[in-house]
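What follows is a short report on a single structure.
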Amino acid sequence: MPTSSAPILITGAGQRIGLHCARQLLADGYPVIISYRSEKPGVQALRELGATTLFADFSSESGILDFIERLKSHTDSLRAIVHNASAWLAETPETETSAFSQMFSVHMLAPYLINLHCSELLARSSPADIIHISDDVTRKGSSKHIAYCATKAGLDSLTLSFAAKLAPHIKVNGIAPALLMFNPDDDAAYRAKALSKSALGIEPGAEVIYQSLRYLLDNPYVTGTTLTVNGGRHLK
């Protein structure tokens, strides 16, 4: 059962991992606020389950600050902030600068500003957590997706910095997943190749992230840590 009546904010929860975690938190009795970038069936489904849904455009400073102000008009406290919003943009010669800037804004600037401006909301809850959803790719880098990897690595650094800054009242941790769920149009050859990259060789689904999220929310003695949830990719 929840130990605080304050809501949990999950950014980018209109689909896939964020949607699953929001559903599970609601089922477990937590009040939930989500941000969404575009109207998807999952957003309406969460509304019907009782979540507060707020539009957010994290691609610019003005969009982030606007979201923060609207969030504060809906609640004066937060049990946790889960930074799940993510962008995956092509890095081509024509788009490399804009892609980097947008992914920097979503993966780093938004968590940075939200953490700074909403720590006062977390301070009114006990316990209180910030959780950054990063990516296992930061462990080794990526020659094909340099900007994506770099900005997710920056999010890992924010985990350490905010854990030090906000202790002891607010715990700050991260989760770094590898492959979790295939897309419907992924063919058999791609699926087999992707599964072969991990020691466990399975498509685990979104629940493993919710289990990791609950561990971090429930454990009072973990901060400044990023949980690796990659099926043993580092062993291959």
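Can you confirm whether Glu207 is of a type outside the set (A, V, I, L, M) and within 15 Å of the chain's Cα centre (by Cα)? It is true that Glu207 is of a type outside the set (A, V, I, L, M) and within 15 Å of the chain's Cα centre (by Cα). Sub-7 Å Cβ pairs linking a first residue in segment 123-146 that is in contact (Cβ under 8 Å) with a residue 12 or more places away in the chain and among the charged types (D, E, K, R) to a second residue that is part of a loop (DSSP other than H, G, I, E, B) and exposed (fewer than 14 other Cβ atoms within 10 Å of the Cβ), at least 6 apart or interchain, are Arg124/Asp76, ordered by first then second residue.
The number of residues in segment 193-208 that are more than 13 Å from Gly232 (Cα to Cα) and either among the aliphatic types (A, V, I, L, M) or in contact with an Asp or Glu (Cβ under 8 Å, 6 or more places away or on another chain) (or both) comes to 2. Identify, please: which residue in segment 1-16 is hydroxyl-bearing (Ser, Thr, Tyr) and surrounded by 17 or more Cβ atoms within 10 Å (Cβ to Cβ) and is, among those, modelled with the highest pLDDT? Looking at the filtered set, the residue picked out is Thr11.
Is at least one residue of segment 126-133 out of contact with any helix residue (DSSP H, G or I) (no Cβ under 9 Å at 6 or more places or on another chain) and within 17 Å of Pro31 (Cα to Cα)? Scanning segment 126-133, I find at least one residue that is out of contact with any helix residue (DSSP H, G or I) (no Cβ under 9 Å at 6 or more places or on another chain) and within 17 Å of Pro31 (Cα to Cα), so the answer is yes. Of the residues in segment 170-189, at least one is in a helix (DSSP H, G or I) and either loosely packed, with under 15 Cβ neighbours inside 10 Å or not charged (D, E, K, R) (or both).
Being surrounded by fewer than 18 Cβ atoms within 10 Å (Cβ to Cβ) and not in a loop (DSSP other than H, G, I, E, B) is the filter here; which residues of segment 94-103 pass it? It would help to see each step written out before you state the result.
Going residue by residue through segment 94-103, those that are surrounded by fewer than 18 Cβ atoms within 10 Å (Cβ to Cβ) are 94-98, 100-101.
Passing the criteria: Glu96, Thr97, Ser98, Phe100, Ser101.
Selection within segment 210-236: residues that are part of a loop (DSSP other than H, G, I, E, B), in contact with a Ser or Thr (Cβ under 7 Å, 6 or more places away or on another chain) and not charged (D, E, K, R). The member of this set that is surrounded by the fewest Cβ atoms within 10 Å (Cβ to Cβ) is Gly232.
I need the full set of residues from segment 17-43 which are farther than 22 Å from Ile68 by Cβ and buried (at least 18 other Cβ atoms within 10 Å of the Cβ), in order please. Before you say what the answer is, go through the steps one by one.
Here is the first cut: in segment 17-43, the residues farther than 22 Å from Ile68 by Cβ are 17, 19-20, 23-24, 26-29, 40-42.
Ile17, Leu19, His20, Arg23, Gln24, Gly42 - these are the residues of segment 17-43 that are farther than 22 Å from Ile68 by Cβ and buried (at least 18 other Cβ atoms within 10 Å of the Cβ).
The values are calculated or read from the model by the stated rules, or taken from the named source; none is laboratory data. What you see is a predicted model, and the numbers here were worked out from it, not measured in a lab. Note that we place each Cβ from the backbone using ideal geometry, even for glycine, and neighbour counts take in every protein chain shown.
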